[in-house]
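Here's the structure, in structure tokens; my notes come after.
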Amino acid sequence: MIPCLAIAVFLGMCLATFHGVNLYNLKRSIAKKEGVRYKAEVERPKGLIFALASLGTGIFFLESVIYVLPVFLNLHEIIFNSFLQLRFPFDSWVQLAGILLTAFGYFLFAWSILTRGRYATSREMPEDQKLVTWALIATYATRRTLPTLFYLLAYF
């Protein structure tokens, strides 16, 4: 099996990167909103579907933090003695595949946010906003939302 500390450091770095990119993007979008007229073509999402989607995202990050904190506090026996701990042949390969898929998902997330620049926001757009229809990879050109692929890979 891959050492717990290595996995915890990796997940901690991924969480820090995710929050860092989001904070950077939020700070940049707030600074650019001054003096520019914005309009929202769609209403802000609300209701049960939005709450369920938010709940899934929250559970994913809570799960990551619940793994990282006990390992850093040297309390990882709590994780190993949990009834949720599954053991099966080839554990190390499954862990490695999970790490690689998670790393790829975080890379796609950061790349898509930084590539889209000021068009990263999904609700309010400047009136002179242009639709991004080209990209280096076909998925981005057709889907226009690589963060969705990031979430798919992260939850997988």
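The values are calculated or read from the model by the stated rules, or taken from the named source; none is laboratory data. Note that the coordinates shown come from a computational prediction; the quantities given were computed from them, not determined experimentally. Here Cβ is always computed from backbone atoms with ideal geometry, including for glycine, and neighbour counts include all displayed protein chains.
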request  = Could you give me the residue pairs with C-beta distances under 9 Å whose first residue belongs to the stretch 9-28 and is polar (S, T, N, Q), whose second residue is surrounded by 13 or more Cβ atoms within 10 Å (Cβ to Cβ) and part of a helix (DSSP H, G or I) wherever it lies, and which are 6+ apart or on separate chains?
outcome  = THR17/TYR106; THR17/PHE109; THR17/ALA110; ASN22/ILE113; ASN25/ILE113
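Any chance the stretch 136-143 includes a residue that's closer than 21 Å to ASN22 by Cβ, of a type outside the set (Asp, Glu) and modelled with pLDDT under 65?
Checking the stretch 136-143: at least one residue is closer than 21 Å to ASN22 by Cβ, of a type outside the set (Asp, Glu) and modelled with pLDDT under 65.
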ask   = Of all the residues that make up the stretch 49-89, how many are outside any helix (DSSP H, G or I) and of a type in the set (A, V, I, L, M)?
value = 4
remark   = VAL36: passes all of (1) in a loop (DSSP other than H, G, I, E, B); (2) of a type outside the set (Gly, Ala, Ser); (3) at pLDDT 80 or above but (3)
query = Name the residues in the stretch 90-127 that are modelled with pLDDT under 80, not aliphatic (A, V, I, L, M) and not in a helix (DSSP H, G or I), would you?
reply = THR121, SER122, ARG123, GLU124, PRO126, GLU127
key: ILE66 vs. criteria modelled with pLDDT of 65 or more, touching a helix residue (DSSP H, G or I) at 6+ places or on another chain (Cβ under 8 Å) and of a type outside the set (D, E, K, R)   = no
